[in-house]
Amino acid sequence: MTQDTHVLDAPPSPDWTIPQDWDRYTPEEHATWDTLFARQSALLAGRASEAYLRGLDVLKLSKPGIPDFAELSERLMKLTGWQVVAVPGLVPDDVFFDHMANRRFVAGNFIRRPDQLDYIQEPDVFHDVFGHVPMLADPVFADYLEAYGRGGQRALELGALKHLGRLYWYTVEFGLIEEAGALRIYGSGIVSSAAESRFALDSDSPNRIGFDLERVMRTDYRIDDFQQNYFVIPSYDALLKATVETDFAPLYERIMAQPDIPIAAIEPGDRVLTRGTQSHATE
Ligand code: PHE
Ligand code: FE
């Protein structure tokens, strides 16, 4: 997920990585992965983006048990040059961006407890690996995330992290895409959640709005419940083009001079695919 809180005060190593210690997972922990995997993969056929489903397949994530990052990285490296490295939990922003800009995806190595199957506050190995890693097997999305890492380093210097973070939230974490005339999910926060993978596509509560870079970077989000807005990209190429070919510095300046857009508001220029009832939304 994003990177606002830190688990540790002192880095466990200079770049915050730790050994995954794959041999230390218990049979119960592997079984938790298998339970989550079976539930989500059944739900995602027909709901997740083709690129996501392809990634799940080519990376052999269906193999029983928590994936071994070394083995996973070997497959991923051949496909797009990315690796997966273990960290204890959320890491500082500059560390997160440095790894990403160098095609290293940081993943929590712990797995949720059996009583947390439906919801956890902090990203665990299921969210990070099942949710994020399949998209890294897609060459265009792989380029997008690397560029995002560099964009993060720049946003830190420009004091624009809040705005850039919203782009991550509404694409990498909670993005929808239009494929063959239908909506599909690709955001990791949706694909790793049984409830939200239904809600994001089926519920009449949320707004679904065409992706617009500046609009997204002005929009607040909630971290405590299903999203009230989803932004829909037409293709990964379009997302990459809209972000890589735009200099964000003047954009940040313009955005900072304007008010934020409240979570569920519809704006005059929006391409509204579905206007939500917001019946699910709580205060
Ligand atoms: N073009 C952005 C900038 O000028 C960097 C970026 C690329 C950010 C891709 C996000 C995704 O800062
Ligand atoms: Fe995440």
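The values are calculated or read from the model by the stated rules, or taken from the named source; none is laboratory data. These numbers come from a predicted model, not from an experiment. Note that each Cβ is placed from the backbone with ideal geometry, even for glycine, and that neighbours are counted across all protein chains shown. Accessible surface areas use protein heavy atoms only, side chains included; no ligands, DNA or RNA. Shrake-Rupley method; radii C 1.70, N 1.55, O 1.52, S 1.80 Å.
A compact table of results
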| read-out | value |
| --- | --- |
| Candidate aspartates and glutamates - alpha carbon under 16 Å from Lys60, same-chain residues fewer than 8 apart omitted | Asp34, Glu50, Asp68, Glu71, Glu74, Asp128, Asp138 |
| Estimated inter-spin distance, His280 and Arg254, nm [label 7 Å along Cα→Cβ] | 3.2 |
| Shape of the range 127-283, Cα gyration tensor, a/c cut at 1.5 | oblate |
| Dipole of the chain, positive end: most advanced residue of Met256, Tyr236, Phe174 [Cβ charges, Cα centre] | Tyr236 |
| Using θ = phi - 60° and Karplus 6.51 cos²θ - 1.76 cosθ + 1.60, couplings along the range 123-135 (whole Hz; Gly, Pro as x) | x, 9, 5, 5, 4, 5, 8, 5, x, 9, 5, x, 5 |
| Helix-derived mean residue ellipticity, 222 nm - over the chain, DSSP H n ≥ 4, -39500 (n - 2.57), to 500 | -12000 deg cm²/dmol |
| Cα gyration tensor, the range 80-162 - rounded (a/c under 1.5), prolate or oblate | oblate |
| Surface share of carbon and sulfur [accessible, 1.4 angstrom probe, percent] for the range 43-155 | 51 |
| Cross-link reach list, lysines versus Lys63, counting only Cα pairs under 28 Å and skipping chain neighbours closer than eight places | Lys78 |
| Peptide ranges 197-205, 37-45 listed from the most packed, as the mean C-beta count within 10 angstrom indicates | 197-205, 37-45 |
| Gyration tensor verdict on the range 1-90 (Cα atoms; rounded if a/c is under 1.5, prolate if a/b is larger than b/c, oblate otherwise) | prolate |
| Simple Cβ-charge dipole of the chain, Lys/Arg +1 and Asp/Glu -1, about Cα centre, in debye nearest 20 | 600 |
| Per-pair calculated FRET efficiency, R0 = 35 Å: Ala10 and Ala31 via Cβ, rounded to 0.05 | 0.60 |
| Separation in nanometres of the label points that stand 7 Å from Cα toward Cβ, at Gln116 and Ala238 | 3.7 |
| Reach of Lys162 by Cα under 27 Å, taken over lysines that are not fewer than 8 positions away in the same chain | Lys241 |
| Under 5 Å, built H, 5+ apart or other chain: amide partners of Leu273 | Arg208, Ile209, Gly210 |
